[in-house]
Amino acid sequence: MRIYCLIVLIIICFIGCNPSSQKPKSVSQKSDVLQICIIDVDQGDAILIMTPNQKYILIDGGNKYYGINEINPLLDSLKIRRLDYVFATHYDADHIGGLDEVINHISKDSIINYCYDRGDTAKSKQFLEYKLSAGNKRKTIKAGDIITLNDVVIKCVCVNGKLMNGDSIAVKDENDFCIGLVIEYKDFELFTAGDIGGVNTGNHKDIETKLAPLVGDIDVYKVSHHGSKYSSNSVLINTIKPEAAVISAGTNNYGHPEQSVIDRLSNAKSRIYQTNQTEYGQIPAGQGVILNGDVWIKVYDDYYVVNTDTFYLRLI
């Protein structure tokens with residue numbers, strides 16, 4: 001377990017810079033750090049990744065109108081005119097509803113490589129709009145696929161119930177078809193898997209228990225399914241041992257986040273960052289923060305900063 005340090009000023013003096021003072025709209029495209037923004041799209045998911053080599057990746061696009069109202073203004077403020085990769089973790093509206101708005105804003109010709117998704121098709125209006133906007137940039141991702149962008153590696157650990165070690169689970173619910181990704185940069189790792197499940201009930205299947213050892217010990221966990229009771233089981237949390245956990249949730253959220261999920265994260269000594277206050281699960285005092293906005297992660301050689309909190313990647 002890496003060490004979480006609260007004395008930010010001491011670290012800043014030691015390192016000789018102040019990463020936590022950077023504001024999202026002043027971030028330079030030529031930064032020498034990995035930058036990840038879990039964008040506040042209320043009830044939904046959207047993650048923007050900016051590599052030190054000016055590569056840009058978008059994972060999910062929130063619900064309809066959040067591409068127009070949140071993601072596009074952020075891209076414009078950062079002067080991002082292209083995306084190297086787009087990922088649609090699955091076809092629920094609060095994950096792909098805004099993707100067509102983003103793709104149409106920058107144009108599909110400004111997607112350098114692919115729009116990765118789980119393949120197959122869906123009947124929803126949101127999927128058809130995404131499919132039309134992505135056009136021939138769509139590509140089906142497979143478990144075990146690895147995308148390398150200089151020092152940044154994106155590893156697909158699961159999709160469609162299939163795991164990167166060849167194991168598989170028969171799935172029915174859209175959430176369990178989700179793409180799971182581990183983003184690696186030097187000694188830093190982030191795990192995100194859309195709305196993937198961790199319980200066996202009804203159509204929901206427990207993917208997490210078999211997936212957990214393949215993910216291993218990571219630094220940041222983008223909490224699956226907005227902290228719902230169907231995800232983030234104890235096996236996963238106790239295996240991946242995240243120092244920081246980010247919950248993307250908002251209004252009309254179907255009971256997210258669940259208190260039991262927050263308690264599991266707290267018991268695992270994860271510091272929790274939640275994009276918005278909801279009427280449901282409450283973060284214990286001193287265990288995290290409600291940001292009412294985006295969550296920014298900046299990764300340096302020996303440490304990373306989540307908004308204003310600093311975490312060590314190794315002893316220095």
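The values are calculated or read from the model by the stated rules, or taken from the named source; none is laboratory data. Just so it is clear, the structure is predicted and the values come from calculations on it, not from any experiment. Cβ atoms come from the backbone with ideal geometry, glycine included; neighbour counts cover every protein chain shown.
Quick check on my filter: what residues within the range 213-246 are of a type in the set (S, T, N, Q) and out of contact with any Pro (no Cβ under 8 Å at 6 or more places or on another chain)?
Result: Ser224, Ser231, Ser232, Asn233, Ser234, Asn238.
Do you know which residues across the range 243-290 are closer than 26 Å to Leu48 by Cα and among the aliphatic types (A, V, I, L, M)?
Ala244, Ala245, Val246, Ile247, Ala249, Val261, Ile262, Leu265, Ile272, Ile283, Val289, Ile290
Quick check on the range 60-90: of everything there that is crowded, with 24+ Cβ neighbours inside 10 Å and aromatic (Phe, Trp, Tyr), which residue is nearest to Val220 (Cα to Cα)?
Ranking the qualifying residues of the range 60-90, first place goes to Phe87.
Run down Asn136, Asn200, Asn160 and say which single residue is at positive phi, modelled with pLDDT of 95 or more and polar (S, T, N, Q).
Asn160
Here is a yes/no grid of residues against (1) crowded, with 20+ Cβ neighbours inside 10 Å; (2) of a type in the set (Asp, Glu):
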position	(1), (2)
Thr209	no, no
Ser234	no, no
Ile237	yes, no
Pro257	yes, no
Asn276	no, no
Gln282	no, no
Gln287	no, no
Asp302	no, yes
Thr310	yes, no
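If a residue has to be under 26 Å from Tyr185 (Cα atoms), surrounded by 16 or more Cβ atoms within 10 Å (Cβ to Cβ) and of a type in the set (Gly, Ala, Ser) to count, how many in the range 100-152 make the cut?
The number of residues fulfilling the criteria is 2.
Considering Ile36, Ile96, Ile57, which residue is of a type outside the set (Phe, Trp, Tyr), in contact with a Phe, Trp or Tyr (Cβ under 8 Å, 6 or more places away or on another chain), surrounded by fewer than 24 Cβ atoms within 10 Å (Cβ to Cβ) and under 21 Å from Leu190 (Cβ atoms)?
Ile57 is the lone residue from the list that is of a type outside the set (Phe, Trp, Tyr), in contact with a Phe, Trp or Tyr (Cβ under 8 Å, 6 or more places away or on another chain), surrounded by fewer than 24 Cβ atoms within 10 Å (Cβ to Cβ) and under 21 Å from Leu190 (Cβ atoms).
If you take the residues of the range 130-155 that are touching a residue at least 40 places away in the same chain (Cβ under 8 Å) and part of a strand (DSSP E or B), which of them is nearest to the chain's Cα centre (by Cα)?
Ile154
Would you mind stating whether Ile218 is part of a loop (DSSP other than H, G, I, E, B) and closer than 23 Å to Glu243 by Cβ?
Against the criterion (part of a loop (DSSP other than H, G, I, E, B) and closer than 23 Å to Glu243 by Cβ), Ile218 qualifies.
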